[in-house]
Amino acid sequence: MTAESTPEPAITEPGDTGPGKPGKGRRRRPRSKGRRALHAAAWTAAGVVVLGGTGAGYLYFKLNGNIRSIDINQALGNDRPSKADNGSENILVLGSDTRSGGNRKLGGGTDDGSARSDTAMIVHVYRGHKQAAVVSVPRDTLIDRPACTDTKGATHPAVTGAMFNEAYSTGGAACTVKTVESLTGLRMDHYLEVDFTGFQKLIDDLGGVPVTTTKAIDDPQSHLDLKAGTHTLNGQQALGLVRTRHGVGDGSDLGRIQLQQAFVKALITQVKHVGVFSNPKKLYDLADTATKAVTTDSDLGSVNSLIDFADGLKGIGPRHMTMITTPVRYDPADPNRVIMQKSKAQLVWDALKNDRPIPKRATAGTATGEAKGVVNAP
């Protein structure tokens, strides 16, 4: 899931805030209780973590230098859906299944230099930033990928019947954003990506995440073996949980998404309860890990930008989030692939475009992974 393994993204190097972005010499804002921390957004292969970190002096500059960013706007140009004018925001959260570097041991498989999107989530933050909807896009969805230009300026022709996650291996973050916008008609205001190693360390720095499993999960491929009951997952176990697809349910990507969504809620609950503000070292360790793990669009490529962004999300807890999977059905020609149910999916995109709740009929009768309820927050 690292941006370094992406075939062609132009990435702002750590410490380079890019044209028009706040530089390292920018005057820091007055400190207050509500802004002592950097609320950095870090996403698992399935969701959002809002963390805290100090923003003063040397520590500010070090954290700012950790952040890597990609200029999505420059790559995509003006041929995009219009920004919403209703106060809402859409964020594409992505994790990739690269096996290169430090991720090879964690992810398994071979280091062939390629990467695909392991998980994609469209996070819609409603007007007022009190509610959010999360729509997971199965990586095995067969789609018509549009022509796209990556962040190095290379153009990739349109393809019919491609798997959704191939957009990332073809053109990196920019082509993935282009594909999502083409499928949904929604403008992605921001992009966030997290890698395996950063995610695992993040969970360990948090002290683990408590979950309750209603069934045993045993998947050697994701290095996960959990009995039914309550567990505090360490980083390796958490990574195994959000990646497993063979240890529970019907073995599909849809079941894995259900586990991911449940873990995201448990993770957000843990972040809100962990006492980092009374422990400066833990606070800094979390912020340092989060800013190293996450890759953002260039608009979020600084500590101050992440503070402002996360300040708008801090009131959204698990009870204020609706989580669904894009309406799909299994492909009759290949049960390992799914096909979008376009009429039902359009109900989802229309609801988000108009900043309305997703109607229940949008997901009624669609394919599921049979893993719902297996993992819960204790």
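The values are calculated or read from the model by the stated rules, or taken from the named source; none is laboratory data. Since the structure is predicted, the reported quantities are computational estimates derived from the model, not experimental observations. Methodologically, a virtual Cβ is constructed for each residue, glycine included, from the backbone with ideal geometry; neighbour enumeration extends over all protein chains shown. The accessibility values were calculated without ligands, DNA or RNA, using every heavy atom of the protein model including side chains. Shrake-Rupley method; radii C 1.70, N 1.55, O 1.52, S 1.80 Å.
Share of the range 170-244's accessible area from carbon and sulfur, percent, 1.4 Å?
On the way: 1100 of 2380 Å².
That fraction is 46 percent.
Which whole-number value in Å³ per residue fits the convex hull of the alpha carbons of the range 263-350? Intermediate values should be presented prior to the final figure.
Details: hull volume 15.3 nm³, N = 88.
Spread over its residues, the Cα hull of the range 263-350 gives 174 Å³ apiece.
Determine the principal axes of the Cα atoms in the range 167-237, then give the extent along each, sorted from largest to smallest and rounded to whole angstroms.
42, 26, 22
May I ask which of 227/372; 201/265; 178/272; 130/344 have a Cα-Cα span longer than 24 Å here?
Numbers: 227/372 17 Å; 201/265 19 Å; 178/272 33 Å; 130/344 26 Å.
From the list (227/372; 201/265; 178/272; 130/344), the Cα-Cα distance tops 24 Å for 178/272; 130/344.
Keeping every protein chain present and rolling a 1.4 Å probe, give me the accessible area per residue for the range 151-258 in Å².
On the way: 3680 Å² over 108 residues.
That works out to 34 Å² for each residue.
Three principal axis extents, largest first, for the C-alpha atoms of the range 198-341, in Å?
52, 36, 27
At 4 °C and 1.567 mPa s, grab the translational diffusion coefficient of the range 127-184 from Stokes-Einstein with a Kirkwood Rh over Cα pairs, rounded to a whole number in µm² per second. Could you put the intermediate results ahead of the total?
Working: Rh = 12.2 Å.
It diffuses with D of about 107 µm²/s by this estimate.
Mind putting a number on the dipole of the range 265-378 about its Cα centre? Charges go on the C-beta only, +1 for Lys and Arg and -1 for Asp and Glu, and I need it in Debye to the nearest 20.
On the way: 16 positive and 11 negative charges, 108 e Å.
Dipole about the Cα centre, nearest 20: 520 debye.
Could you work out the Kirkwood radius for the range 329-377, taking every pair of different alpha carbons, averaging 1/r and inverting it, reported in Å?
On the way: mean 1/r = 0.0794 Å⁻¹.
Kirkwood hydrodynamic radius for the range 329-377: 12.6 Å.
How large is the dipole of the range 171-250 about the Cα centre if only Lys and Arg carry +1 and Asp and Glu carry -1, each at its Cβ, rounded to the nearest 20 debye? All intermediate terms of the calculation are to be shown ahead of the outcome.
Values: 7 positive and 10 negative charges, 27 e Å.
Dipole of the range 171-250, to the nearest 20 debye: 140 debye.
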